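Reviewing the structure listed below.
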Amino acid sequence: MTLAHTMTDYHLDKLRCLSIVMPVYNEAHTLREVLRRVQAVPLPIEIIMIDDCSTDGTRDLLKKIESESSTGIKIIYREKNQGKGAAIREGIKHATGDILIIQDADLEYDPSEYPRLLEPILSGDADVVYGSRFRGERRRVHLFWHTLGNKFLTLLSNICTNLNLSDMETCYKVFKTEIIKSIPLRSNRFGFEPEITAKVAKLRCTIYEVPISYRGRSYAEGKKINWKDGLSAIYTILKFWLIDDLYEETAGLRTLRILEGAGEYNTWLFNQCKPFLGRRILEVGSGIGNITKHLLDRDLVIATDVVEFYLDDLTKLFSHLPNVKIRKLDLLNEQGAKQAQKEFGPDTVLCMNVLEHIEKDKEALRNIGHLLPLGGRLVLLVPAHKQLYSKIDENLGHFRRYSKDEIKVGLEKAGFQIRSSRYLNMLGAIGWFINGKILMRKILPSRQLRLFDLLVKLLAIEKWMPVPFGLSLLTICSKVEKTT
């Protein structure tokens with residue numbers, strides 16, 4: 001099969017630009033050839049080379065390459081050697097492509113295999129791709145103890161991440177750029193490999209492996225990793241297994257990914273809304289589909305969001321189903337709302353934990369009115385109690401929390417009549433208060449969220465008796481007048 005044919009099969013027409021991040025340290029003998037091979041790949045690329053304070057003439061060679069190159073290559077010179085991980089971290093900052101790949105500056109990996117590495121992402125199946133050296137491709141027979149060390153580290157990483165990778169230590173890792181840019185990276189040396197693996201696992205990214213060829217170097221040929229790096233990798237695997245280190249940059253996606261695994265809570269939350277849902281549902285702010293997956297028995301589901309990353313996830317999960325439509329919908333776009341009503345004619349709008357993310361929430365409520373016919377129903381879930389607002393809310397992008405009176409006034413002005421309104425999740429409100437107001441945390445620990453998922457059955461009491469407060473406020477209302 002020719003490369004051109006392969007590229008057609010692999011949807012490479014969707015690729016706007018591939019960012020190639022290449023850490024460089026003392027690679028004067030191989031750098032020219034690696035660069036030639038990378039540039040020979042017929043893809044739209046940008047090359048970001050980071051010299052980690054080389055001492056063998058590599059820096060002079062890079063300056064020569066820089067003077068010869070017109071476009072497509074950016075070279076960053078570091079004045080202090082900090083390691084591969086630090087160099088990659090610097091390169092990621094400068095990446096502008098929609099997909100990013102790590103490329104070593106030696107000749108162990110073959111850039112002509114980029115298309116097969118990109119395919120799972122471009123076809124919508126993956127967020128991250130690892131190129132495995134142990135999946136059946138030809139490879140140079142190499143050092144036994146080095147291979148055994150790789151397999152041990154992969155096994156330990158798999159135990160801690162619950163993945164089944166065959167090659168965690170591979171150089172060829174490919175990411176949707178928005179994902180890798182959002183993850184804080186700490187490791188300076190070869191700890192980058194287990195660290196990024198732990199973090200994409202905690203974010204519940206969809207990871208694919210594809211086989212690659214491999215021509216490993218000996219230490220005489222310039223291999224730099226050693227037994228000390230192996231010990232450091234063990235420490236890194238255990239460290240990022242035990243602690244959450246995803247911080248502000250990924251708070252929203254992190255929470256969605258954790259809640260993706262909180263099946264009991266998602267089911268409970270959906271069941272609170274289920275009695276009020278019609279047969280043609282437009283879901284506002286579907287995210288990664290944590291609630292959408294419960295709606296698939298309806299006649300029509302329109303899953304919407306404004307974030308392209310989430311729309312890609314929704315397409316990957318649901319576009320094959322004839323009763324599910326995926327659309328971009330901005331609640332501040334009046335014409336977009338009117339068009340969605342005309343195109344789909346939903347009888348119910350489901351809006352769960354979305355309104356608080358919109359600064360002009362009154363305008364958003366009016367546009368929700370445009371999505372519905374007279375008599376159409378809005379099922380609205382928002383965070384409750386202004387006094388609970390904390391750094392956790394701020395970090396999640398919440399502009400506010402709501403009181404019952406505030407929601408009532410906003411809905412009535414938007415042309416809705418409230419049928420019922422009640423608090424949900426008293427247990428969650430207590431946990432939010434402790435974490436946000438007493439402990440002053442910025443994020444909810446993932447282990448707490450998973451423990452809460454095990455305790456969801458305690459919330460059954462809320463079915464039989466109203467609670468005086470809760471983490472959320474569920475309001476059911478009908479459109480009773482024409483929205484202006």
Tally Lys and Arg at +1 and Asp and Glu at -1 over the other residues with C-beta under 12 Å from the C-beta of Lys413: what net charge comes out?
-2
Stretch Lys63-Gln417 to full length: gain in nm at 0.36 nm per residue minus the Cα-Cα span?
120.5 nm
Members of Lys437/Lys463; Lys328/Lys442; Lys228/Lys442; Lys80/Lys173 lying beyond 32 Å, as alpha-carbon distances in this model show:
Lys228/Lys442
Which links in Lys151/Lys239; Lys181/Lys408; Lys316/Lys482; Lys14/Lys151; Lys14/Lys274 stretch past 29 Å when you go from one Cα to the other?
Lys181/Lys408; Lys316/Lys482; Lys14/Lys151; Lys14/Lys274
Helix 308-318 sits off the longest principal axis of the Cα atoms of the chain, rounded to the nearest 10 on a 0 to 90 degree scale, by 80
Rounded tilt (10° steps) of 192-202 against the dominant C-alpha axis of the chain
20
First select every other residue whose beta carbon is under 10 angstrom from the beta carbon of Phe318; then total the charges, Lys and Arg +1, Asp and Glu -1.
+2
Leaving ligands, DNA and RNA out of it, rank Tyr265, Tyr402 by accessible area with a 1.4 Å probe, largest first.
Tyr265, Tyr402
Expected unfolding gain across Glu343-Lys463 under the 0.36 nm per residue rule, minus the alpha-carbon gap, is 39.5 nm
Provide the percentage of antiparallel DSSP beta bridges, counting only those with both residues in the chain; round to the nearest 5.
35
Span from the region 142-205 Cα centroid across to the region 351-383 one, whole angstrom
41
Residues whose modelled amide H sits under 5 Å from the amide H of Ile50, counting only those 5 or more places away in sequence or on another chain, are Met22, Val24, Ile76
Between Leu296 and Ser213, what length in nm is gained on full extension when 0.36 nm per residue of separation is reduced by their alpha carbon distance?
25.7 nm
With every protein chain left in place, what is the accessible area per residue of the chain in square angstrom, probe 1.4 Å?
45
Among 343-354, 266-277, how do they line up by average Cβ neighbours within 10 Å per residue, starting with the highest?
343-354, 266-277
Net +/- balance of residues flanking Phe399 in space, Cβ distance below 15 Å, scoring K and R +1, D and E -1:
-1
Signed unit charges on C-beta, dipole axis of the chain, positive-most listed residue Val324, Phe175, Ile281
Ile281
Applying a 10 Å radius around every beta-carbon, put 86-96, 193-203 in order of their mean neighbour count, most first.
193-203, 86-96
With each run of n ≥ 4 DSSP H residues scored as -39500 (n - 2.57), what mean residue ellipticity at 222 nm is computed for the chain after dividing by its residue count and rounding to the nearest 500 deg cm²/dmol?
-11500 deg cm²/dmol
Considering only protein heavy atoms and a 1.4 Å probe, what is the carbon-and-sulfur percentage of the accessible area of the chain?
55
Taking only Cα atoms, what is the 0 to 90° angle, nearest 10, from helix 58-68's long axis to the longest principal axis of the chain?
70
Picking from Tyr389, Leu372, Tyr310, whose Cα lies most toward the positive end of the charge dipole for region 292-398 (charges on Cβ: Lys, Arg +1; Asp, Glu -1)?
Leu372
With a ≥ b ≥ c from the Cα gyration tensor eigenvalues, square-rooted, and the rule rounded for a/c under 1.5, otherwise prolate when a/b > b/c and oblate otherwise, region 385-484 is oblate
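The values are calculated or read from the model by the stated rules, or taken from the named source; none is laboratory data. All of these numbers come straight from a predicted model, not from anything done at the bench. A quick note on method: Cβ atoms are made from the backbone with ideal geometry, for glycine too, and the neighbour counts reach across all protein chains shown. The area values use the complete protein model at the heavy-atom level, side chains included, leaving out ligands, DNA and RNA. Shrake-Rupley method; radii C 1.70, N 1.55, O 1.52, S 1.80 Å.
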